[in-house]
Amino acid sequence: MNALRSTFSEIKRYPSALAGLVIIILLVIAAVVILIALPYNEAVRLWRGGEGVWYKNPKTAPPAWTNFFTAADRPVTLHLTVEDEAVEKFREENETTVDIFTTFTFDFNYDEIPQEISLFMEGIYDEKEPFADIYLLRPDGSEERLLSEGIPASRTVYLSQETDLQRRIARNTGFEDVLVGMLSIPDTDPPQIMKGTYQISVEGIGFEPDSDMNVEMVMYGKVHGIAGTDHLRRDLSVALMWGIPIALAFGLIASLGTTVLTMIISAVGVWYGGWVDELIQRITEVNLVLPFLSILVMVGTFYSKSIWVILGVTVLLSIFGGAIKTYRANFMQIKESMYIEAAQAYGANDFRIIFLYLIPRIIPLLIPGLVSSIPTFVFLEATLALLGLGDPVLPTWGKVINDAYQNGALYNGMYYWIVQPAVLLMITGLAFAMLGFSLDRIFNPRLRGL
Amino acid sequence: MATETKAVQTVSKAKQRAWKGTLARVAKYTGLRSVTMIITIIIGVYLTILIANMGGYVDEIMRGNIEDNVANTLRNQESFQRLSPEAQRSLLQQEVRNEEERLGLNQPFIIRSFRFLWDGLTLNLGRSLNMTSDTGSRQVRLIILERLGPTMLLMGTSQLLLFFTSVYLALMLSRKYGSFFDRVVIALSPTSSAPSWFYGIFFILIFASVLRILPFGGMVSAPPPENSLEYALDVLKHLILPAAALYVSLIFISIYNWRTFFLIFSSEDYVEMAKAKGLTDREIESRYILRPTLPTIITAFALTLIGLWTGAIVTETVFIWPGLGRTLFTAVGLYDTPVIVGSTIIYAYLLAITVFLLDFVYALVDPRVKVGGGQKKA
C-alpha cells in the first residue's frame, strides 16, 4: 500500500505521466459507460445493420461540428414524422373518398443544397391504392408540383431521381438539378438559395373507407451527427465509441498476457536451468527467425479473422520475444541472492520459490514495460484492420480507417473519416506511452534522474 | 647461443600450440554455433510452411480453383463440346488430375511439406502459383529479386538515415542533457508508439491530398519519364513520403534510447576520470563512450540491416510501393504459398547469418569477449 502511495507521489512529479494517467482513467470510464449504454449485441446489430437501420442518414457526411470551420453553413439532416410538431396530418372521410393531407413545414437557412430529399410513403388500402399530389410551397409563396402518383404499400421517392420532376423544374426555374431548383431563387447564376420556411404538402385521396397514408420526410444533410457517416450511411460515432473498449481490451489483454507469461516462463527456465532453460532459449531463437507480422497476416487470411484468435496468436508469438532475455538476465542475478538460499534451506518448494520469491522481485521492472507495450498492441489491431484482417463483426477504429482508405477518403477529401479514429488511436496510444515512459524512469534505478 | 635458440624455439612452439588451441576452440565453437543455427532455421522454416499451408487446407482451395479453371478452359473448346457427356466427364477428370500432378497436389501433405522444406533450404524456391514478376516470370526467386530493389531503396534510405542521425543526435544530446532539445526529445518520444503507416496516412492527407505537392503513392509516375535523370527525380519524389513516414515514426524513440544508453555509459567512473584529466569532449566520446558501446551499436546496426529485408508490409501497402512487404501481403491474399515461404526463408537465412557473424564481430571490437573462450559461469 505504502509502495503504491509513494509510486503515485513519484508519478505526480512527471506532468506527462499525470496527463497519461488522467486520459487512461477517462478512457476506462468511457469504455464502461459505453458497454452499459450500448451493449455488445446492440452495437453489432447497428454496425452490421446496413441500409435498413441507417436509411435516415446521409452518405459520407462529415460531422456537424465541421460547420464551425467552413464559411458556408451546410445543412444537417432533418427527419420529419407524424409525431413531430412540424408535421400536420389530417384525414377526413367523404362520401366515397378519404382526404389524407400531410404537411411538412421546415426552415431552410443553410448556404448549401442538401444531399437529397426523400419521402417514405406507405399506402394503406385493400384493392385500390390511394393517390397523392405532392406540392412544394416556397418562402416567396411560389408553388411547385413535385409529384402526382398512386401510392402502393411502400414507396420511396428520392426527389433528385425523378425524371419528370427534373424536366418540370428545369423549365420553371432554369436549374437542371432538382434540389437546386426547389431551394433556389429562380434564374440566379450562380444559384442563390432562397432562405426561409418551406412547406411540402402531400395531398392524398383514398378510394376506400379505410384508406390511409403514412408519410415520412428525410432531408439528407451535408453534415451529420457528432462523428459523421460512412459510405453505408452508418453513424461513425457507434464505431468510434465502441472502439474504446475494444482497443483497451485488446491492448491490456495482449500486453498483460505477454508480459506475465514471458516472466513466468523465464523464471521457470532460470530456476530449473539445464535442458528447460536450453529449450526456452532455442524456442526464442526459432521465434526470432519467424516474421511476426507475416504470420499474423497468414493466420488472419487462412484461419480466422476473429479478434480473439488474433489476440491469442499475438500473445503466443510475443511470449518468446526479446524480453525473455532481459528477464532471464535479471532472474539470474536474483537466483544467487541470499534469501533464495534461505528459502531453500527451510524447504520451500520450487513453485513457492518461483512465484513468491523470484517473480515479485522483478515486478517493478515489469510494470513500465507492460504499460509501454499496450500502445503497440492497440496499434497492432489497427494495423491488421488496415490490411483487411479486422474482426468481421466488431466495429473498431482500425476498421473505420480501413473502410475510409478503401473508399478513397484521402483522395476525395473525406478527411473526417480517417482523422477521427486516427486521433482517438493517437490519444490512447500516447496516454499509455507517456505513463509507461515515466514509470520506466521511476522504477528503473539506472534511469533515475536521466 | 644454442640455449638462446632453444629458448626461442620453445617459446615459438608454445605460441604455436596456444594458437592451435585457439584455432581448435574457434572451429569447435563455429561448428556448434552453425549446427544450432541450422537447426533453428530448419524449425523456423518448417513452421512457416505448416502455417502457410494451413495444415493442408490451402490445397482444398487450390483444388477448387483448378477444377474451375480446367472446366472453363475445356468448355470453351469446340472439340470438347462435341464429345458425349460421358467422355466430357472423363476428360475433365483427366485434366484436373494432370493439373494437380503438375502442382504436386497428388502427394500427401506431410511428404510435400518435407519436399517444400528441402527445396526451401536449398534456396530452390520454385514457381509461384498465381503471382508473376513484371517480366512475366513465375520464378519465386525472380519475383523476390525484382521487389528487392524498391524495398532496399525505401528501407535503406529511411533506416540508414534513421540510424545515423539518431546515434549522432543522441551523442550530442547526452553531452548536454537537461537542455531544451533534450526535453523536447523526451517529450516527443511517446509519439513513436504509433506505427509508420499511421504517420504515412497523415502525410498523404497533408502533402498529397490537401497541398497536392507530392504523389499519393507508387514509385514512378505513369507513364514513367524517358530521361534517366528525370526518372531518378521522379522516384525520389515518390520516395519522400513513405521514407519520411518510416523515419518520423521511429526517430524520437531512437534518439531517446541511444541518449539514455550513452548517458548510462558517460556516468561511469572512467569517464569522470577522463574528464578530470581534461580530455576534450570529442576524445571522451570516441575513446570512452563509443568504444565500450560499440558492440551494442553494431548489434543495432545489424538488426537494422535485417529489418530492411522484410520491408514494411503496411507502409508499402499504404503507399502502393512495389516492394517485398507489399508482395508478401499480396501473396497471402492470393494464397500463394511458394512466395510466402520463399520470402520467409530468405529472411530466416539472413537473420541467422547476421547473428552468426555478430559473434565474430563482437570478438573483434570487444576485448572482453573471446570467441568460445573462457569457462562458462556456473
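Would you kindly identify the strands (runs of 3 or more DSSP E) lying entirely within the stretch A:130-199 that contain at least 1 residues that are farther than 16 Å from A:Phe108 by Cβ and under 36 Å from the mean Cα position of the chain (by Cα)?
Strands (runs of 3 or more DSSP E) meeting the threshold: A:155-158.
Which residues, counting only those in the stretch A:21-52, are modelled with pLDDT of 90 or more and either charged (D, E, K, R) or surrounded by 15 or more Cβ atoms within 10 Å (Cβ to Cβ) (or both)?
Passing the criteria: A:Leu21, A:Ile23, A:Ile24, A:Leu27, A:Ala31, A:Ile34, A:Leu35.
For the stretch A:423-448, give me each residue that is at pLDDT 90 or above and hydroxyl-bearing (Ser, Thr, Tyr).
Once the filter is applied, which keeps residues that are at pLDDT 90 or above and hydroxyl-bearing (Ser, Thr, Tyr), the stretch A:423-448 yields only A:Thr428.
Name every residue in the stretch A:335-388 that is more than 14 Å from chain B (Cβ to nearest Cβ), among the hydroxyl-bearing types (Ser, Thr, Tyr) and in a helix (DSSP H, G or I), in order of residue number.
A:Tyr339, A:Tyr357
Return yes when A:Ala17 is touching a residue at least 12 places away in the same chain (Cβ under 8 Å), outside any strand (DSSP E or B) and under 23 Å from the mean Cα position of the chain (by Cα) and no when it is not.
No: the conditions fail for A:Ala17.
Which number in (1) assigned to a helix (DSSP H, G or I); (2) facing another protein chain (nearest Cβ under 10 Å) marks the one condition that B:Tyr177 misses?
Failed condition: (1).
From the list A:Thr105, A:Thr96, exactly one residue is farther than 17 Å from A:Glu216 by Cα and of a type in the set (Ser, Thr, Tyr). Which is it?
Residue meeting the stated conditions: A:Thr96.
Considering every residue within the stretch A:395-402, establish whether at least one is surrounded by 20 or more Cβ atoms within 10 Å (Cβ to Cβ), among the hydroxyl-bearing types (Ser, Thr, Tyr), within 23 Å of A:Ile23 (Cα to Cα) and more than 11 Å from every other protein chain (Cβ to nearest Cβ).
yes
Filter the stretch B:228-251 down to residues that are aromatic (Phe, Trp, Tyr) and modelled with pLDDT under 90, then give me how many there are.
Final tally of qualifying residues: 1.
I need the full set of residues from the stretch A:260-293 which are free of Cβ contacts under 8 Å to residues at least 12 places away in the same chain, more than 10 Å from chain B (Cβ to nearest Cβ) and under 38 Å from the mean Cα position of the chain (by Cα), in order please.
The answer is A:Val260, and nothing else.
Which condition number in (1) closer than 30 Å to B:Tyr247 by Cα; (2) assigned to a loop (DSSP other than H, G, I, E, B); (3) out of contact with any Leu (no Cβ under 7 Å at 6 or more places or on another chain) is the one that B:Ser133 fails?
(3)
Could you tell me whether the stretch B:216-227 includes any residue that is hydroxyl-bearing (Ser, Thr, Tyr) and either assigned to a helix (DSSP H, G or I) or modelled with pLDDT of 85 or more (or both)?
Checked the stretch B:216-227: no residue is hydroxyl-bearing (Ser, Thr, Tyr) and either assigned to a helix (DSSP H, G or I) or modelled with pLDDT of 85 or more (or both).
Among the residues of the stretch B:78-87, write down those that are modelled with pLDDT under 80 and of a type outside the set (Gly, Ala, Ser).
B:Glu78, B:Phe80, B:Gln81, B:Arg82, B:Leu83 - these are the residues of the stretch B:78-87 that are modelled with pLDDT under 80 and of a type outside the set (Gly, Ala, Ser).
Restricting attention to the stretch A:397-414, which residues are among the hydroxyl-bearing types (Ser, Thr, Tyr) and touching a residue at least 12 places away in the same chain (Cβ under 8 Å)?
Hit for the stretch A:397-414 is A:Tyr405, nothing else.
So which residues in the stretch A:333-392 are closer than 20 Å to A:Met426 by Cα and of a type in the set (Phe, Trp, Tyr)?
A:Phe377, A:Phe379
So which residues in the stretch B:203-213 are at pLDDT below 90, more than 7 Å from chain A (Cβ to nearest Cβ) and touching a helix residue (DSSP H, G or I) at 6+ places or on another chain (Cβ under 9 Å), if there are any at all?
Hits for the stretch B:203-213 are B:Ala208, B:Val210, B:Ile213.
Only one residue in A:Leu316, A:Leu296 is within 14 Å of chain B (Cβ to nearest Cβ), touching a helix residue (DSSP H, G or I) at 6+ places or on another chain (Cβ under 8 Å) and surrounded by fewer than 22 Cβ atoms within 10 Å (Cβ to Cβ). Which one?
A:Leu296
Looking at the stretch A:389-405, is at least one residue under 19 Å from A:Ala249 (Cα atoms), assigned to a helix (DSSP H, G or I) and modelled with pLDDT under 85?
yes
Residues checked against (1) crowded, with 16+ Cβ neighbours inside 10 Å; (2) farther than 16 Å from B:Asn130 by Cα; (3) touching an Asp or Glu at 6+ places or on another chain (Cβ under 9 Å):
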position: B:Leu23; (1), (2), (3): no, yes, no
position: B:Val26; (1), (2), (3): yes, yes, no
position: B:Arg33; (1), (2), (3): yes, yes, yes
position: B:Glu60; (1), (2), (3): no, no, no
position: B:Asp68; (1), (2), (3): no, no, no
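Restricting attention to the stretch A:223-238, which residues are in contact with a Lys or Arg (Cβ under 7 Å, 6 or more places away or on another chain) and crowded, with 23+ Cβ neighbours inside 10 Å?
A:Val223, A:Thr229
I'm checking my understanding of the structure. Among residues of the stretch A:406-445 that are part of a loop (DSSP other than H, G, I, E, B), of a type in the set (S, T, N, Q) and within 10 Å of chain B (Cβ to nearest Cβ), which one is surrounded by the most Cβ atoms within 10 Å (Cβ to Cβ)?
So, considering only residues that are part of a loop (DSSP other than H, G, I, E, B), of a type in the set (S, T, N, Q) and within 10 Å of chain B (Cβ to nearest Cβ), the one surrounded by the most Cβ atoms within 10 Å (Cβ to Cβ) is A:Asn444.
Search the stretch A:88-112 for residues being over 42 Å from the mean Cα position of the chain (by Cα) and not β-branched (Val, Ile, Thr), and hand back the single one that is farthest from A:Glu122 (Cα to Cα).
A:Glu95
Which one is modelled with the lowest pLDDT, of the residues in the stretch A:53-65 that are buried (at least 16 other Cβ atoms within 10 Å of the Cβ) and not in a loop (DSSP other than H, G, I, E, B)?
A:Val53
Test B:Phe265 against the stated conditions and say whether it is crowded, with 16+ Cβ neighbours inside 10 Å, facing chain A (nearest Cβ under 10 Å) and assigned to a helix (DSSP H, G or I).
no
If I ask for residues that are surrounded by 15 or more Cβ atoms within 10 Å (Cβ to Cβ) and modelled with pLDDT under 85, which ones from the stretch B:164-181 would you list?
Once the filter is applied, which keeps residues that are surrounded by 15 or more Cβ atoms within 10 Å (Cβ to Cβ) and modelled with pLDDT under 85, the stretch B:164-181 yields B:Ser174, B:Arg175, B:Tyr177.
Kindly provide the set of residues from the stretch B:180-198 that are farther than 30 Å from A:Leu387 by Cβ and within 7 Å of another protein chain (Cβ to nearest Cβ), ordered by number.
Matches in the stretch B:180-198: B:Ala187 only.
Any idea which of (1) away from chain A (no Cβ under 12 Å); (2) more than 30 Å from B:Leu145 (Cβ to Cβ) is the one B:Leu305 doesn't satisfy?
All conditions pass for B:Leu305, except number (2).
The values are calculated or read from the model by the stated rules, or taken from the named source; none is laboratory data. From a predicted model like this one, the values you see are computed outputs, not experimental measurements. Here the Cβ is made from the backbone with ideal geometry for all residues, glycine too, and neighbour counts use every protein chain on show.
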